[in-house]
Amino acid sequence: MIVLWLTGCSAPMSHYAGIERSLFQGNPQEAVEIIQSAKDQYGKKDYLLYLLDQGMVQHLAGYYSESNQVLEEAYQLVEELYTTRLRDEASALLVNEARKPYEGTPHEHVMINVIKALNYAALQQWNEAMVEARRIDHRLNVLHDKQESTEAYQEDPFARYLVGMLYEITGDLNNAYVGYRKAELVYEDSRAWSRVLLPDLLKTDLIRTAERLGLPDEAQQYRTKYPDVASALTLDNPGESAQLLVISYHGQGPKKEDLVIDVPVSLDALQLVALTKPGFGRSSRATRGGEALLYGIHGRIARIALPRFTMPHSSVAYDVIKVQSGSTQVNKQSQRVYDLAAVAEKNLADDYDGLVLRAVARSAMKMAAAEGIG
């Protein structure tokens, strides 16, 4: 997996540098304290983002119960914000995206329950973990029904895989097998944007659970479909063996920033933008004040700010897990099962047309109002 949450920032917050430094130094406990002390920086508008950041960093620090309390509050707040948005949708067009309460994205909503399930697993509270597994399943089913486009984000490969694993851990092989099959389909369907191939671990799980359920024909189909893992797979007696699952997080999540676009709405305005851009260069925080003053005096130049992601790269390609038992040592290389940056990009791309339309409409209405007053 690639993390960290910390992607929804709708305004610059100075404490993020301290959080990142603490995490890179292996001190997530300090990162928890930094977020708590910076709570006022989030304010009411970005309170959901505060909960997401705090819940994730508490998870990394091993504060699993505290993380679940925070993320449960986030889960409830997501439902409240969704209800409020439906009620106020008619007037939402007039409100700048940066001034709206942060509602989170579909993949962040799913991740709330994913991290809660992992917290409960770490606490070995399996009944509670299964509550989160069922919440994941319900949220993805609702998202699937709600999305108009089949190309939009409506499934999550790792979330589906985790649900299957939790069912198997709690002894429900039938639902585990269903979960693994769903995960297989989602990994294959999302390959174009997820940047993750179907994990060999999942291929092995499909063969193994089919065998244990007494489905030899289906097990053989998977062995034929995935010969690379089938040749190395040996099925031990379930009562004499155990499976160790290690989940690790590599790198940062994507960082959101504004892409500022100046849209001339007359030939004179176009000429002004063309003349000033060589002097100002690409729009940045340092140049926007001067540009805004000049364009404001001239008028008929619409300034639109659209979000985009920058993608920090991780230097870690994989982990090596070593298990020692007496004189026997087993080394296993980890496999990537999820890329949060790719999923965040997909969610933004799905909403981009709507973001552009709303930004242009707001700018046009403001310009029309200004000219009417003038």
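The numbers here are math on the coordinates, done by the rules we state, and not lab data. These numbers were taken from a predicted model, which means no experiment stands behind them. Backbone-built Cβ (ideal geometry, glycine too); neighbour counts: all protein chains shown.
For the peptides 222-229, 31-38, residues were scored by their other Cβ atoms within 10 Å and the scores averaged per peptide; the highest-first order is 31-38, 222-229. Using every pair of alpha-carbon atoms in segment 18-81, split the distances into 5 Å bins beginning at 0 and state the percent of pairs per bin, rounded to integers. Taking every Cα pair in segment 18-81, the percentages come to 4, 21, 27, 25, 16, 6, 2, 0.
With each label modelled as a point 7 angstrom along the Cα→C-beta vector, the TYR352-SER315 pair spans 3.1 nm. Counting Cα-Cα pairs of segment 320-360 in 5 Å increments starting at 0 gives whole-percent bin shares of 5, 17, 12, 11, 9, 8, 7, 7, 7, 6, 4, 4, 2, 0. In this structure, the residue pairs whose Cα-Cα separation is over 28 Å, taken from LYS146/LYS203; LYS39/LYS256; LYS203/LYS255, are LYS146/LYS203; LYS203/LYS255. Highest mean packing first, where packing is the average number of other Cβ atoms within 10 Å per residue, the peptides 192-203, 176-187, 309-320, 58-69 line up as 176-187, 58-69, 192-203, 309-320.
Multiplying the residue separation of GLU148 and LEU173 by 0.36 nm and subtracting their alpha-carbon distance yields 5.7 nm.
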